[in-house]
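Colleague: One structure, as structure tokens, below. Some questions next.
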Amino acid sequence: MEKQDVRPPPSVDRMSIALQFCHITVNNVDEAVAFYGDALGLEVRNDVSSGEFRWVTLGSPDQPGVEIVLSEPHAGRSQADGDTLQELLTKGVLPMTVFRTDDLDATFERVRASGAEVLQEPIDQPWGPRDCAFRDPSGNMVRISQEPKA
């Protein structure tokens with residue numbers, strides 16, 4: 001079967017679109033900031049409180065327009081939705097987050113030194129990248145990959 005091009009045809013009226021925020025649900029925002037900030041090297045860009053909840057955004061200097069939003073399961077949600085999200089977080093079944101680095105081995109050692117749970121040490125994957133995996137303090141899977149060297 002031949003591969004088909006599924007991209008829309010170029011158009012003069014094409015609008016741009018880009019990822020701006022990606023949410024990660026955590027049990028404890030401060031622990032998450034230590035992991036994503038200190039261990040992964042992301043910078044805190046915003047810290048907003050509303051009542052008993054906080055939303056903290058972090059980003060990489062390499063991607064100034066993209067931010068990760070950390071929040072607790074009940075932040076900004078109904079009690080029932082927050083309870084459901086908490087249950088999924090506790091089970092460790094929320095979607096993983098994948099980061100890219102240019103030095104996987106150094107990044108792996110820095111994250112491991114933070115005390116994060118190692119799920120997979122760096123390996124070359126048959127589909128191309130070299131990657132590793134951790135759990136953040138709330139149990140979310142975090143993968144880190146490096147493109148194969150040519």
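We did not get these values from a lab; they are worked out from the coordinates using the rules stated. Note that the structure is predicted; figures quoted are calculated from it, not measured. All Cβ positions, even for glycine, are placed from backbone atoms using ideal geometry, and neighbour counts span all protein chains on display.
Colleague: Which value at 222 nm does the chain reach when only helices count, each DSSP H run of 4 or more adding -39,500 (n - 2.57), with the total divided by all residues and rounded to the nearest 500 deg cm²/dmol? Don't skip to the answer; put the middle values down first.
Modeller: Numbers: 3 runs with 28 residues, N = 150.
Value at 222 nm, helices only, nearest 500: -5500 deg cm²/dmol.
Colleague: Length gain on complete extension for the stretch ARG45 to ALA18, per 0.36 nm per residue less the alpha carbon to alpha carbon distance? Don't skip to the end; give the middle numbers.
Modeller: On the way: separation 27, 0.36 × 27 = 9.72 nm, distance 1.85 nm.
Answer, rounded to one decimal: 7.9 nm.
Colleague: Once the piece of chain linking GLN63 and ARG135 is laid out straight, how much longer is it, given 0.36 nm per residue of separation minus the C-alpha distance between them?
Modeller: Details: separation 72, 0.36 × 72 = 25.92 nm, distance 2.30 nm.
Working it through step by step, the gained length comes to 23.6 nm.
Colleague: How many nm separate the modelled label positions at ASN28 and PHE53, each set 7 Å beyond the Cα in the direction of the Cβ?
Modeller: Rounded to a tenth, the inter-label distance reads 2.0 nm.
Colleague: Here's another thing I want to ask about it. Calculate, for ALA80 and LYS149, the FRET efficiency according to 1/(1 + (r/R0)^6) with r their C-beta to C-beta distance and R0 41 Å; round to the nearest 0.05.
Modeller: Details: r = 49 Å, r/R0 = 1.19.
Approximately 0.25, to the nearest 0.05.
Colleague: Suppose the chain between GLN125 and VAL93 were pulled fully straight at 0.36 nm per residue; how much longer would it get relative to their current alpha carbon spacing? Before the final figure, lay out each step's value.
Modeller: Numbers: separation 32, 0.36 × 32 = 11.52 nm, distance 2.24 nm.
Full-extension gain reported as 9.3 nm.
Colleague: Also: Using Cα springs under 10 Å in a Gaussian network model of the chain, which residue among GLY37, GLY128, GLY59 shows the largest mean-square fluctuation?
Modeller: It is GLY128.
Colleague: What's the ranking of 90-103, 66-79 by average number of surrounding C-beta atoms within 10 Å, highest first?
Modeller: 66-79, 90-103
Colleague: Are there GluC sites (Glu not before Pro) in segment 31-63 that DSSP puts in a loop and that have at most 10 other Cβ atoms within 10 Å, and which ones? Walk me through the numbers before you get to the answer.
Modeller: Working: sites: GLU31, GLU43, GLU52; in loops: GLU52.
Answer in residue order: GLU52.
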